[in-house]
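Structure, as structure tokens:
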Amino acid sequence: MIASSRAWLTLADIASLTGAVPRDGSNLSYRITNVAPIDYAGPGDLAFLESNKFADALATTGAGAVLTVERFAPRVPAGVNLLLTRKPYQAFVTVAREFHRGRLRPTSPFEADGVMPGAHVHPTAALGTGVTVDPGAVIGPRATIGAGSMIGANVVIGADVRIGVDGSICSGSTIVDSVIGDRVIVHAGCRIGQDGFGYVLGRTGHVKIPQVGRVVIGDDVEIGAGTTIDRGGMRDTIIGDGTKIDNLVQIGHNVVIGRDCIIVAQSGLSGSVTLEDGVVLAARVGIYPHVTVHKDAQLQARATVRRDVPGGVIWGGLLNAKPVRQSTREMIALERLAQRDGADADPTEAGGKDKAD
């Protein structure tokens, strides 16, 4: 069961939750009822300021209280309650979670409990206490759904699938040949456990390779809308505990992803890629088959990864990822070369005759 959200917090409550220090003269009994951006906040809202980007909005903010760092404190209007902290955004998120606990995990869009009319649950499937199954969902033979889980409208859960406790499988997703841990969130329209893409190529036709592995997903994983995760060919595709995957990510067969990785939208992991613990992929990263990205490495947006990446580094590069300083120097050199060539070009070559003719 999801805990109810807080209706209000006093300044003293917020200081206790976050460790922030109120400015002398702040009203510790002042009630905050929500969170908001600093340029939209009203008297009942808590806002934050951490960087120069929104510093100009501080002078005119209507917020009831502001979390910020010491250097911005002199700019906070006298009528606004000030809370000082080294990490304003982190403190802001802590408070936001108190006000919006129901937003931390998707719930039934049908706003119902139990198995709804129009859902189809096979007689051999096992549902734990407090499971919700929305209309149109299908749960196949011998599937197991852990206590407190939510199966959204038109979800398909295949035969023998296991889903742990307090999971949320959102509308329109399909899950087959998979074992899923506790407290996993699968957002709308995901495809998990379908065939991996494997063929023996031939001149007279391509021969399909049986995909006999599974998808194994650990605890506390979140998977964004429209993401696809193929089951393994001869071994399992594995997603480690605590990993967070954004929308529209493609994960091929036999991929192994460690704990607490971050994979941002539109990234693609080819078959048999390995990400060790703590790896971060920015948007639209593409990784070639059988590459290993070692522990705590980070790859910049749109990087193409053709070789193993050492641990703890930051790499980037559109055509061939490499240390970020090297890839940046190469991009700058190419820009300068293009500018030089453009300056040397004959303006009549591309356009034919000169306009003065």
**Asked** Just one of the numbered conditions (1) farther than 15 Å from Val293 by Cα; (2) part of a loop (DSSP other than H, G, I, E, B); (3) at pLDDT 95 or above is not true of Val216; which one?
**Response** (2)
**Message:** Can you go through Gly242, Gly205 and tell me which one is without any contact (Cβ under 8 Å) to a residue 24 or more places away in the chain and either assigned to a loop (DSSP other than H, G, I, E, B) or not β-branched (Val, Ile, Thr) (or both)?
**Reply:** Gly205
**Message:** Exactly one of these conditions fails for Leu67: (1) part of a helix (DSSP H, G or I); (2) closer than 20 Å to Glu98 by Cα; (3) open to solvent by less than 10 Å² (accessible area, probe 1.4 Å). Give me its number.
**Reply:** (1)
**Asked** Going by the conditions given, is Thr227 more than 29 Å from Arg103 (Cβ to Cβ), of a type in the set (Ser, Thr, Tyr) and open to solvent by less than 40 Å² (accessible area, probe 1.4 Å)?
**Response** no
**Request:** Could you check, for segment 3-23, whether at least one of its residues is among the charged types (D, E, K, R), assigned to a helix (DSSP H, G or I) and more than 30 Å from Val131 (Cα to Cα)?
**Result:** yes
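Sort through Gly278, Gly316 and tell me the only one that's more than 28 Å from Gly233 (Cβ to Cβ), open to solvent by less than 60 Å² (accessible area, probe 1.4 Å) and either in contact with a strand residue (DSSP E or B) (Cβ under 8 Å, 6 or more places away or on another chain) or not polar (S, T, N, Q) (or both).
Sole residue among the options that is more than 28 Å from Gly233 (Cβ to Cβ), open to solvent by less than 60 Å² (accessible area, probe 1.4 Å) and either in contact with a strand residue (DSSP E or B) (Cβ under 8 Å, 6 or more places away or on another chain) or not polar (S, T, N, Q) (or both): Gly316.
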**Prompt:** If you check Gly242 against the conditions, is it more than 18 Å from Gly167 (Cα to Cα) and among the small types (Gly, Ala, Ser)?
**Reply:** no
**Request:** Could you give me the residue pairs with C-beta distances under 6 Å whose first residue belongs to segment 250-269 and is open to solvent by 40 Å² or more (accessible area, probe 1.4 Å), whose second residue is small (Gly, Ala, Ser) wherever it lies, and which are 6+ apart or on separate chains?
**Result:** Gln250/Gly268; Arg259/Gly240; Arg259/Gly242; Asp260/Gly242; Asp260/Gly278; Val264/Ala282; Val264/Ala283; Gln266/Ala283
**Residues being open to solvent by less than 100 Å² (accessible area, probe 1.4 Å) and either modelled with pLDDT under 90 or of a type outside the set (Lys, Arg) (or both) - total across segment 319-330** = 8
**Asked** So which residues in segment 92-122 are under 15 Å from Ala36 (Cβ atoms) and either aliphatic (A, V, I, L, M) or crowded, with 20+ Cβ neighbours inside 10 Å (or both)?
**Response** Phe92, Val93, Val95, Ala96
**Request:** Run down Thr33, Thr61 and say which single residue is farther than 17 Å from Thr85 by Cα, surrounded by 14 or more Cβ atoms within 10 Å (Cβ to Cβ), touching a Pro at 6+ places or on another chain (Cβ under 9 Å) and not hydrophobic (A, V, I, L, M, F, W, C).
**Result:** Thr61
**Prompt:** For residues in segment 178-195 being in a loop (DSSP other than H, G, I, E, B) and crowded, with 22+ Cβ neighbours inside 10 Å, which is farthest from the chain's Cα centre (by Cα)?
**Reply:** Gly193
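The values are calculated or read from the model by the stated rules, or taken from the named source; none is laboratory data. Because the structure is predicted, anything quoted here is derived from the model rather than measured. Positions of Cβ are backbone-derived with ideal geometry, glycine not excepted, and every protein chain shown enters the neighbour counts. Keep in mind that these areas ignore ligands, DNA and RNA; they rest on the heavy atoms of the full protein, side chains included. Shrake-Rupley method; radii C 1.70, N 1.55, O 1.52, S 1.80 Å.
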